[in-house]
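The values are calculated or read from the model by the stated rules, or taken from the named source; none is laboratory data. What you are looking at is a predicted structure, and each value in this text was computed from that prediction instead of being measured. Cβ coordinates were reconstructed from backbone atoms using ideal geometry, including for glycine residues, and neighbour counts include every protein chain displayed. With ligands, DNA and RNA removed, areas are computed over all heavy atoms of the protein, side chains included. Shrake-Rupley method; radii C 1.70, N 1.55, O 1.52, S 1.80 Å.
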Amino acid sequence: MLDAIEDFRFGDAELTDLRDREVVDQRTLDFLADYRFDGDVWGYAEGETYFPYSPVLVVESDFAHGVILETVVLSILNHDSAVASAASRMTGAAGTRPVIEMGSRRTHDAAAVAAARAAYIAGFSSTSNLEAGRRYGVPTGGTAAHAFTLLHESEREAFEAQIASLGSGTTLLVDTYDVTEGVNTAIEVGGTSLGGVRLDSGDLVVRAERGPRAARRAGRDRDQDRRHLRPRRVRDRRAGRGAGRHLWRRDARGHRLRPPDGLDGLQARRP
């Protein structure tokens, strides 16, 4: 953001456009032509935690020089802080395991560079975005691409070629065709020294439940949830008499489930 403020200028193209579209008068154009921010900026150091109602950034200047920066400052702070907050949660969940930022294809190209930098500040170990590495010195890394797998006659041949080039400590991409077969093939080719596997698509919950152990665990979880679905009696506030049982329940987290249609006038109570 400080770099953006330092480089904030109105060139001939911008001034001509403002003049031709009559957005501002000549006095304002003269001011913009010579614009240089000469105030003071105060804020948190990058990576620090801030809380609601805390002044995240303070810009001290006269009104004209300060207010013109409002959009660029807020756009950078809001975007990068949102990415860093999400990245912090991810690195917290990962613990000591490294996390690589690889989101360049999910956002605008300029935002991708900023996102890679923000994620690195929040604890990511590297990024696949080489421009972020060039511009900000963020360590770069990555794995194989689906295109690389499709280039070969089979997934096995792709894995063998990657391991022959990078060694068995590499990470193999296993979801080009079928994840279960891809994992099995990766283990057969890479052996016990395989660095890791990567899933790049699909519903991870559904994939996890395909295995027998996961299926049994999911069944136990469902049984546990059912034990928490305890029936409650209800009383009709208008009639003042019992209106039946099992008309509504609570889920596993204690949240009340909506009653059936036509029972909006019923007030729940414990037996």
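Annotations for the structure displayed:
- Taking the accessible area of the stretch 91-171, probe 1.4 Å, and keeping the other protein chains in place, the carbon and sulfur fraction comes to 53%.
- Cβ-placed point charges (K, R +1; D, E -1), dipole of the stretch 35-130 about Cα centre in debye, nearest 20: 640
- Within the stretch 1-63: Cβ-based charge dipole about Cα centre, in debye rounded to nearest 20 (Lys, Arg +1; Asp, Glu -1): 160
- The stretch 1-102 - Rg and Dmax from Cα coordinates, angstrom: 18.4, 59
- Protection proxy ranking for 156-166, 137-147, using the average of other Cβ atoms within 10 Å per residue and placing the highest first: 156-166, 137-147.
- Loop-located trypsin sites (Lys or Arg not before Pro) in the stretch 1-77 whose Cβ has at most 12 other Cβ within 10 Å (DSSP): Arg9, Arg21, Arg36
- Relative packing of 186-192, 92-98, 110-116, 28-34, which averages over residues the other C-beta atoms within 10 Å, highest first: 110-116, 186-192, 28-34, 92-98
- Added length on full extension, which subtracts the Cα-Cα distance from 0.36 nm per residue, Arg97 to Glu6: 29.0 nm
- Considering only Cα atoms, the convex hull volume of the stretch 53-101 works out to 104 Å³ per residue.
- Per residue, in Å², the accessible surface of the stretch 1-55 once ligands and nucleic acids are set aside, probe 1.4 Å: 82
- Label-point separation, Thr16 to Arg89 (7 Å along Cα→Cβ), nm: 4.7
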